[in-house]
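What follows is one structure encoded as structure tokens, with my remarks underneath.
Derivation of every value follows stated rules applied to the coordinates shown; laboratory data play no part. Computed from a prediction, not measured in an experiment: that's the story for all the values here. Ideal geometry is used to build each Cβ from the backbone, glycine not excepted, and the neighbour counts take in all protein chains shown.
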Amino acid sequence: MEADKNLAKFRGKIDKLDARIFKLLEERFAVVEKVGKYKAQNGLPVRNAKREKEIIAKNLENSGLDGKFIRSFYKIIFNQSYRIEK
């Protein structure tokens with residue numbers, strides 16, 4: 001019974017963290033939308049491979065997370081960003 005209570009407590013913490021993560025993603029994509037408008041107004045391409053590499057490299061260096069996860073995560077983030085920017 002105590003184990004179930006502890007598990008529920010951990011899951012509650014995870015749920016709260018997930019909510020924060022998605023709120024931050026919403027904020028990020030709102031900024032991405034503004035970036036897309038700026039790029040369109042200034043004739044800039046949607047994709048910037050140099051910027052992608054810089055972001056990934058910075059997070060590989062500063063994060064304790066697995067590198068493969070970081071690359072996969074950003075692939076998803078960048079793809080969604082491009083859909084928003086178009």
Estimated distance in nm for a label pair at Phe69 and Asn6, the labels positioned 7 Å out from Cα along Cα-to-Cβ: 2.2 nm
Compactness check, the chain: C-alpha Rg relative to the 2.2 N^0.38 Å globular estimate gives 1.45
Residue farthest toward the positive end of the dipole of the chain, with Cβ of Lys/Arg at +1 and Asp/Glu at -1: which of Leu7, Gln41, Leu17? Gln41
Go ahead and run the numbers for FRET between Val46 and Phe22, Cβ-Cβ distance against an R0 of 30 Å, rounding to 0.05. 0.80
Relative contact order (%) - the chain, alpha-carbon pairs under 8 angstrom, separation at least six: 40 percent
Would you mind counting up the charge near Lys16? Only other residues with Cβ under 13 Å from its Cβ, with Lys and Arg at +1 and Asp and Glu at -1. +3
Any of Lys34/Lys68; Lys16/Lys53; Lys16/Lys75; Lys13/Lys86 with alpha carbons more than 27 Å apart? Name them for me. Lys34/Lys68; Lys16/Lys53; Lys13/Lys86
